[in-house]
1. Say whether the condition of being surrounded by fewer than 14 Cβ atoms within 10 Å (Cβ to Cβ) and in contact with a helix residue (DSSP H, G or I) (Cβ under 8 Å, 6 or more places away or on another chain) is met by at least one residue in segment 72-90.
2. Of the numbered conditions (1) under 23 Å from residue 136 (Cα atoms); (2) out of contact with any helix residue (DSSP H, G or I) (no Cβ under 6 Å at 6 or more places or on another chain); (3) touching a residue at least 24 places away in the same chain (Cβ under 8 Å), residue 67 satisfies every one except a single condition; which is it?
3. Of the residues 143, 129, 62, 156, only one is touching a residue at least 60 places away in the same chain (Cβ under 8 Å) and surrounded by fewer than 17 Cβ atoms within 10 Å (Cβ to Cβ); which?
4. Residue 53 fails exactly one of the following numbered conditions: (1) in contact with a helix residue (DSSP H, G or I) (Cβ under 7 Å, 6 or more places away or on another chain); (2) crowded, with 16+ Cβ neighbours inside 10 Å; (3) closer than 13 Å to residue 115 by Cβ; (4) without any contact (Cβ under 8 Å) to a residue 40 or more places away in the chain. What is the number of that condition?
């Protein structure tokens, strides 16, 4: 009787899933910090009466009304941006690996940096209160962190997807 080899069954490596979980956690963490920066910026904008005036464009709304309407403020991202970042990062945790949540978050972060730089209040540092200065710094730092986490997440999922099923073999 000839000896038969036993079939080798390879299961997903827990280490591979841990790497993916770390990427998803980093993206979610960065999006939550970004949302915190938007909340801080909103409070500073209301306190210091800093309406959103990107490139000098104004809307006839008070600062609180502009924030609620999604226009943003001089030192606060419009609320749809942090909501979209948190939604994309949360979705990444519950779906198959995809670079798109990272791309979305990186683009939102870049948009916030651009938006901060085109606000007139950003170019008038002599007029800043302490809370305004902190809001601008927090916005830029949180946006840079969101870009970094988004790019890293996107790159890691592309690498994971390019490796195919062999990447999850033990």
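Just so you know, all these numbers are worked out from the coordinates, no wet-lab data involved. This is a predicted model, so every value here is computed, not measured. So basically every Cβ, Gly included, is an ideal-geometry build from the backbone, and we count neighbours across all protein chains shown.
1. Checked segment 72-90: no residue is surrounded by fewer than 14 Cβ atoms within 10 Å (Cβ to Cβ) and in contact with a helix residue (DSSP H, G or I) (Cβ under 8 Å, 6 or more places away or on another chain).
2. Here residue 67 meets the rest and fails (2).
3. Just a single option satisfies the conditions, and that option is 129.
4. (4)
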